[in-house]
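Inspection log for the structure reproduced underneath, given as structure tokens.
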Amino acid sequence: MTVIVDELDIADPADVWTRAGFSIGADSICRIGGVRIRMAGRERGTGVIGWSLRGLPDDVDRLDGVPTARSDTGSVAPAVHANGVMAIDHVVLLSPDLHRTVESFAGVGL
């Protein structure tokens, strides 16, 4: 089965993204393409603080230190954003050991 990003947990307040032209729901979720972006607030850290993936094996709860949840939900309808964004091209994560991270992600099909 193909592993697909369902949701990204981002340590930003929703108003920052709203000012950048993104539509944010009352649930603090921004829908870009088929991906949910959950605004967790700055008190939780910085950047991507977790994600959920469809098609992930049951025994995985972290990928090279990234808190990872398994998702069985269907994809969401994208929102219309004032800035024109329609899709996510790629996700950037920083790693102190690129080889280890690539192996970890490849091990689950990412």
Over segment 70-110, the quotient of the Cα radius of gyration and 2.2 N^0.38 Å is 1.65
Percent relative contact order of the chain, based on C-alpha pairs within less than 8 angstrom and at least six residues apart?
31 percent
Once a ≥ b ≥ c are taken as the square roots of the eigenvalues of the Cα gyration tensor of segment 1-54, is the result rounded (a/c under 1.5), prolate (a/b larger than b/c) or oblate (a/b not larger than b/c)?
oblate
Within segment 1-28, find all residues whose amide N lies under 12 Å from a label point positioned 7 Å from the Cα of Ser75 along Cα-to-beta-carbon.
4-6
Label-point gap, in nm, between Glu43 and Val102 - each point 7 angstrom along Cα→Cβ:
4.0 nm
Between Asp64 and Val91, the two model label points (7 Å from Cα along the beta-carbon direction) sit apart by a distance in nm of 1.3 nm
Rh (Kirkwood, all Cα-Cα pairs) for segment 7-110, Å, reads 14.7 Å
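Just so you know, all these numbers are worked out from the coordinates, no wet-lab data involved. These numbers come from a predicted model, not from an experiment. Glycine gets a Cβ as well: all are built from the backbone with ideal geometry, and neighbour counts include every protein chain shown.
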